[in-house]
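Novice: I'd like to ask you about the structure that follows.
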Number of protein chains: 2
Amino acid sequence: MSILVVGSVALDRIETPFGSAERALGGAATYFAAAASLFQPVQLVGVVGDDFPTGELAFLEERGADLAGLERARGESFFWSGRYDYDMNTRTTLETRLGVFADFRPRIPPSFRQADWLFLANIDPDLQREVLDQVSAPRLVACDTMNYWIESKRESLLELLGRVDCVLLNDSEARELTGDYNLSRAARWIRERGPSIVVVKKGEHGALLFTETHTFFAPGYPLEEVFDPTGAGDAFAGGFMGWLAYTGNMDEDELCRAMIYGSATGSLVCERMGMERLREVGVEEVHERVRAFRRLTAFDSPVAPVHG
Amino acid sequence: MSILVVGSVALDRIETPFGSAERALGGAATYFAAAASLFQPVQLVGVVGDDFPTGELAFLEERGADLAGLERARGESFFWSGRYDYDMNTRTTLETRLGVFADFRPRIPPSFRQADWLFLANIDPDLQREVLDQVSAPRLVACDTMNYWIESKRESLLELLGRVDCVLLNDSEARELTGDYNLSRAARWIRERGPSIVVVKKGEHGALLFTETHTFFAPGYPLEEVFDPTGAGDAFAGGFMGWLAYTGNMDEDELCRAMIYGSATGSLVCERMGMERLREVGVEEVHERVRAFRRLTAFDSPVAPVHG
């Protein structure tokens, strides 16, 4: 029951009010894999340049990840540099150098093509669709996207939506894609175009799950120290898909639990710089965070009826 | 077990992208009373001008509210005019005319002084303290405030904090008061200055409860149509205090339920213009909304342990 992820593997330069990191391990596929591999084996497809410190990915292999789909090309690895303001919620991208990622054409190794769970991290929707052409019949296909593709590749993105089961995207992306500020209506618009499961991520304000029959909300965890939110959205997706793949179940209850597992891995990421926390965390700590989420939101129905 | 509320009773002019209202019943004490009186009798202390259509408050009396503390003074009633942007989360105050509210000095009628539950709505902290001098020994004193008082009457506000059990305030107010962006730390700062219960309201993003032993999160309800959020924060406070007063209990479980009852009344308000929805709603609809909140956030712990 492997999880196949296709997306960026990068080197990041991160500045926050509390510290900075140079050439830190980054990329959507990396954060996703780091979280998902806590639950289930991951197969990763991406590309890095010849400057990439591949040894940094050893922790993924120790968690059972298969990196046979990670190409090594001549040139520079995908590089992203960003800065967070004091509120840790406003991020400024200082520089993006695509490097070898500019010519990335995902080639899914034959041994990966039977994957039951597929996550198309945020890349060109043309490429996301090329991946779909190469896999057989996943039980669940989920994708992410970003404003850039919504603006520049709208038609391709809409075609992609017709071929996936689940979309995870940010609130601003959901609003831009649908032209509707209201997230409940925006999610319905998206569901009408294909995916039966829509997850809207709201950063520190949590995430909403919309299906035909249910709406579920997972809060952001009220951390006393947010160190670096880089990768939190991809770690959310990794925890979400990882949990579903682990249970092999996608009924309503399991989707809700998956939302909490995603929130747990997403919140853990923020506690340290870059991938540091996710790299060393164990699954028992994720369960403990899930129990903390339960304490955070659980309430009993009232015992007695009310007058009036 | 009456609930005493002291604060503004106003006439509002509201503009939203979906409609507008002129001389609509408003004011913090009014919204609070409309919500709280669904659960328990309310005693209201405030002031209106001779232009005020007192008949508009009849629905409160039908819910058992005692308006003996509502002064009628010569002059204009407190008037507030505001406009909401399309996102319904950004509010611009167009005009505030204090009218008779400028000279308001709360006089608590002798029959109100034994109230067990006291809510000091957002007014000058000097006046909030004067109210405390006039009541005997409430079981729970809660207060609201606003940025204006944080900036102009900080010392008085800090003295007030030392005399109340519970503070309800917005996230931006909590940040400004404490100088800390992080809401968990901000809440601890406030608790260290007196109140054992801190509720931070985040508008559409929900509300957080902080006590010494517990943190609880109540989400904003994902309405498909937000018509007018005016008064939602005060209706939250009314549902919160109303529920506590109804149960007569302030243990951890009941505080969490109260957060949900507050969120329920706060979300109902937004479904129509001004006080329209709160005026006609019945307590059974509030319970139904509470059950919807439960469906929105409830998840079971995982059935099986996870490998690894």
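Read the figures in this text as sums done on the coordinates, not as results from a lab. Small disclaimer: the values here were computed from a predicted structure and weren't measured. Heads up, the Cβs are rebuilt from the backbone with ideal geometry, glycines too, and the neighbour counts pull from every protein chain shown.
Novice: What nm distances, shortest first, do you get from the label point of A:ASP50 to those in the other copies when the point sits 7 angstrom along Cα to Cβ?
Specialist: 9.2
Novice: Here is a follow-up. Using R₀ = 35 Å, calculate the FRET efficiency as 1/(1 + (r/R₀)^6) where r is the Cβ-Cβ separation of B:THR93 and A:ARG185; round to 0.05.
Specialist: Numbers: r = 28 Å, r/R0 = 0.80.
Calculated value: 0.80.
Novice: Now a separate question. Taking only C-alpha pairs under 8 Å that are 6+ residues apart, what is the relative contact order of chain B in percent? Intermediate values should be presented prior to the final figure.
Specialist: Numbers: 668 pairs, mean separation 55.0, N = 308.
Relative contact order, chain B: 18 percent.
Novice: So, one more: For every helix of n ≥ 4 consecutive DSSP H residues, a contribution of -39,500 (n - 2.57) applies; sum these over chain A, divide by its total residues, and give [θ] at 222 nm rounded to the nearest 500 deg cm²/dmol. Each step should come with its number before you reach the end.
Specialist: Working: 11 runs with 109 residues, N = 308.
That calculation yields -10500 deg cm²/dmol at 222 nm.
Novice: Can I ask one more? Hey, got the average number of other protein chain Cβ atoms within 10 angstrom for residues in A:210-221? Write down the numbers at each step before the final one.
Specialist: Working: counts 1, 0, 0, 0, 2, 5, 7, 11, 5, 8, 3, 3.
Taking all residues of A:210-221 together, the mean is 4.
Novice: Something else: Once Rh for the protein assembly as shown is found with the Kirkwood sum over Cα pairs, what is the Stokes-Einstein diffusion coefficient at 25 °C and 0.890 mPa s, in µm²/s?
Specialist: Values: Rh = 25.7 Å.
Once the numbers are plugged in, D ends up at 95 µm²/s.
Novice: Would you be so kind as to identify all helices of chain A, as entire DSSP H runs, whose Cα atoms reach 20 Å or more along the helix's own axis and whose mean Kyte-Doolittle hydropathy is at least 0.5?
Specialist: Numbers: long enough: A:232-247 (22 Å, 0.66); A:252-269 (26 Å, 0.27); A:283-297 (21 Å, -0.76).
For chain A, where a helix must reach 20 Å along its axis and average at least 0.5, the hits are A:232-247.
Novice: Quick one: check the C-alpha center-to-center distance for the range A:210-230 versus the range B:215-232, whole angstrom.
Specialist: A separation of 16 Å, based on Cα centres.
Novice: Here's a follow-up. Specify the longest stretch of chain A that does not include any exposed loop site, a site being one of the GluC sites (Glu not before Pro) with a non-H, G, I, E, B DSSP assignment and at most 10 other Cβ atoms within 10 Å.
Specialist: Numbers: sites that count: A:GLU192, A:GLU212.
So the longest stretch without any such site is A:1-191.
Novice: Give the lysines reachable from A:LYS201 as a straight Cα distance under 27 Å; neighbours fewer than 8 places away on the same chain don't count.
Specialist: Reachable lysines: A:LYS153, B:LYS201, B:LYS202.
Novice: Taking a cut-off of 30 Å, what percent of all Cα-Cα pairs in chain B are separated by more than that? Spell out each step's value before the answer.
Specialist: Working: 12941 of 47278 pairs.
Tail fraction, whole percent: 27.
Novice: May I pose another question? Charges at C-beta only: +1 for Lys and Arg, -1 for Asp and Glu. How large is the resulting dipole of chain A about its Cα centre, in Debye rounded to 20? Don't jump to the answer; show the numbers that get you there.
Specialist: Values: 31 positive and 47 negative charges, 90 e Å.
Using only the charged Cβ atoms, the result is roughly 440 debye.
Novice: How big is the Kirkwood radius of the range A:1-125, worked out from every pair of different alpha carbons and given in Å to one decimal?
Specialist: Numbers: mean 1/r = 0.0665 Å⁻¹.
Here the Kirkwood hydrodynamic radius works out to 15.0 Å.
Novice: For every other residue with a beta carbon closer than 12 angstrom to the beta carbon of A:LEU132, add +1 if it is Lys or Arg and -1 if Asp or Glu, then tell me the sum. Can you show the working numbers first?
Specialist: On the way: positive: A:ARG113, A:ARG129, A:ARG163; negative: A:ASP126, A:GLU130, A:ASP133, A:GLU159, A:ASP165.
Surrounding charge for A:LEU132 is -2.
Novice: Sticking with this one: Ranking A:ASP50, B:ASP165 by Cβ neighbours within 10 Å, fewest first, what do you get? It would help to have the intermediate numbers written out before the result.
Specialist: Values: A:ASP50 12, B:ASP165 16.
Least to most surrounded, the residues fall as A:ASP50, B:ASP165.
Novice: Now for a different question. Looking at chain A, which longest stretch skips every one of the chymotrypsin sites (Phe, Trp or Tyr not before Pro) that is in a DSSP loop with at most 15 other Cβ atoms within 10 Å, leaving the sites themselves out? Display every interim value, and only then the final one.
Specialist: Values: sites that count: A:PHE18, A:TYR86.
Longest run free of exposed loop sites: A:87-308.
Novice: Which residues among the range B:118-138 fall inside the zone where the amide N is under 19 Å from a point 7 Å beyond the Cα of B:ALA102, along Cα→Cβ?
Specialist: B:123-127
Novice: Comparing A:SER37, A:SER267, A:SER152, which has the greatest mean-square fluctuation in the GNM of chain A with Cα pairs linked when under 10 Å apart?
Specialist: Residue with maximal mean-square fluctuation among A:SER37, A:SER267, A:SER152: A:SER152.
Novice: Can I ask one more? Rank these for me by crowding, A:THR230, B:THR178, going from fewest to most other beta carbons within 10 Å. Walk me through the numbers before you get to the answer.
Specialist: Working: A:THR230 24, B:THR178 19.
With the sparsest Cβ surroundings first, the list reads B:THR178, A:THR230.
Novice: Sticking with the crude label model, points 7 Å out along Cα→Cβ, report the distance from B:MET1 to A:ALA68 in nm, one decimal please.
Specialist: Label at B:MET1, label at A:ALA68, 6.6 nm between them.
Novice: Can you give me the orientation-averaged projected area of the convex hull built on the Cα atoms of the range B:175-267, in nm²? Please report the intermediate quantities before stating the final value.
Specialist: Numbers: hull surface 25.0 nm².
Averaged projected hull area, Cα only: 6.2 nm².
Novice: Give the average, rounded to an integer, of partner chain Cβ atoms located within 10 angstrom of each Cβ in A:287-297. Working shown, then result.
Specialist: Working: counts 4, 0, 0, 3, 2, 1, 3, 5, 6, 9, 14.
Across A:287-297, the average partner-chain Cβ count within 10 Å equals 4.
Novice: Choose one answer from A:ALA298, A:ALA245, A:ALA28: the residue with the largest mean-square fluctuation in a GNM of chain A with alpha-carbon springs under 10 Å.
Specialist: The residue that fluctuates most here is A:ALA298.
Novice: Over the protein assembly as shown, what is the percentage of antiparallel beta bridges among all DSSP beta bridges, to the nearest 5?
Specialist: Beta bridges within the protein assembly as shown, antiparallel portion: roughly 40 percent.
Novice: Considering every residue in B:273-285, what mean count of other chain Cβ atoms within 10 Å of its Cβ is obtained?
Specialist: Working: counts 0, 0, 0, 0, 0, 0, 0, 0, 0, 1, 4, 3, 0.
Average per residue, whole number: 1.
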